[in-house]
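To start, the structure itself, in structure tokens.
The values are calculated or read from the model by the stated rules, or taken from the named source; none is laboratory data. Everything numeric here is computed off the predicted structure, so don't read it as measured data. Cβ: placed from backbone, ideal geometry, glycine included. Neighbour counts: every protein chain shown.
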Amino acid sequence: MKVRFWGVRGAIATPGTDYLRYGGNTCCTAITGAQGELVVIDAGTGFCQLGDALVHGPFGRGQGEMVLLISHTHWDHLLGLPFPGIIHQPGNRFIICGPDSARGSLEAICNGLLSPTYSPVYSLANVGGEQIFQALTSDPFRAGGLTIRAWPLAYDEATSIRLYRIEEGTQSLVYITDINYTSPELMDEAATFAYGATLLVHSAPYMRNEPIQRYGFCHVEDALYVALQAHVSRLLLFYHAPTRTDDQLDTLLAHYRALLASQQATLHLDVAREGLVITL
């Protein structure tokens, strides 16, 4: 299983020279299985760059298939969906999975993204690629040799979030984003879901002691707690605050690595960046 990050920023895309090393695109992570299966988690603006890369293979010939997992339908997780040319290439097949909410079904929300108010495409009916919307249940499902599990999380009265666990053989990736840890019990539930994972990708836009926290809910300290409780091998922080520069991310990483070392923790900590490839 190979994991590549195409967008690691939270809330809004962040251009500029201070954000080049870690990247400014919003959430998009691609997982490729040993049999060539492609599973993508979230379709933020990083999805556009992924689409540009995929056009040189089967997707450019109308022979591509992708399982697209949407954690939830906020803009930073969905905005890139209508733009790549591969979406509009007839013959390509997109199995789109994610939560319905009080605002409507996932299909209806994606269709609204292409309404004439926002898009010249007008609706999903005018998209060339085939879209298959699949409702998620508590049961695991498979994409080739990859097993996918979804954990539902109540976000508020109108929105729900899915956290994902993808397994291939003895290797596993857990993806946790936008979670509001309102109680220790919820953190323990997340740790149970992530238990024993090879790689935990956890949103962490802010440190707990920072005075201004405008975007996202997770703190670095929350991600560390869940990772240590879950006994994961590696923790990768992502969903970086849009105001967090490359140099500040370097400082953040060094601080928390030193903290783990002082506690003699064996957890491998890193920070996600666009273009990073991890083979599990």
Checklist outcome for this item: Inside the range 102-135, the number of residues satisfying the requirement of being among the β-branched types (Val, Ile, Thr) and in a loop (DSSP other than H, G, I, E, B) is 3
Item to check | Failed item in (1) in contact with a Ser or Thr (Cβ under 6 Å, 6 or more places away or on another chain); (2) closer than 26 Å to Ile109 by Cα, with Lys2 passing the rest | outcome: (2)
Checklist entry - Any idea which of Asp76, Asp52, Asp42 is closer than 23 Å to Tyr118 by Cβ, out of contact with any Ser or Thr (no Cβ under 9 Å at 6 or more places or on another chain) and charged (D, E, K, R)? => result Asp52
Item to check | Enumeration of residues in the range 76-119 that are over 14 Å from Ala135 (Cα atoms), modelled with pLDDT under 90, in contact with a helix residue (DSSP H, G or I) (Cβ under 9 Å, 6 or more places away or on another chain) and exposed (fewer than 15 other Cβ atoms within 10 Å of the Cβ) | outcome: Arg103, Tyr118, Ser119
Next on the checklist: Against the conditions (1) surrounded by fewer than 17 Cβ atoms within 10 Å (Cβ to Cβ); (2) closer than 24 Å to Ala223 by Cα, where does Tyr122 fall short? Just the number, please.
Outcome noted: (2)
Checklist outcome for this item: Scanning the range 39-68 for residues that are outside any helix (DSSP H, G or I) and of a type in the set (S, T, N, Q), the one surrounded by the fewest Cβ atoms within 10 Å (Cβ to Cβ) turns out to be Gln63
Checklist entry - Would you say Ala197 is of a type in the set (A, V, I, L, M, F, W, C), surrounded by 18 or more Cβ atoms within 10 Å (Cβ to Cβ), in contact (Cβ under 8 Å) with a residue 12 or more places away in the chain and not in a strand (DSSP E or B)? => result yes
Item to check | Any strands (runs of 3 or more DSSP E) falling wholly within the range 211-280 and containing at least 3 residues that are under 15 Å from the mean Cα position of the chain (by Cα) | outcome: 234-238
Checklist entry - If you go through the range 47-65, how many residues are within 18 Å of Leu78 (Cα to Cα) and touching a Pro at 6+ places or on another chain (Cβ under 6 Å)? => result 2
Item to check | Within the range 6-38, tally of residues that are surrounded by 24 or more Cβ atoms within 10 Å (Cβ to Cβ) and of a type in the set (A, V, I, L, M, F, W, C) | outcome: 5
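For (1) in contact (Cβ under 8 Å) with a residue 60 or more places away in the chain; (2) aliphatic (A, V, I, L, M); (3) under 27 Å from Gly51 (Cβ atoms); (4) touching a Leu at 6+ places or on another chain (Cβ under 7 Å), each residue gets a yes or a no:
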site: Ile161; (1), (2), (3), (4): yes, yes, yes, yes
site: Thr170; (1), (2), (3), (4): no, no, no, no
site: Leu173; (1), (2), (3), (4): yes, yes, yes, yes
site: Phe238; (1), (2), (3), (4): yes, no, yes, no
site: Ala254; (1), (2), (3), (4): no, yes, no, no
site: Leu260; (1), (2), (3), (4): no, yes, no, yes
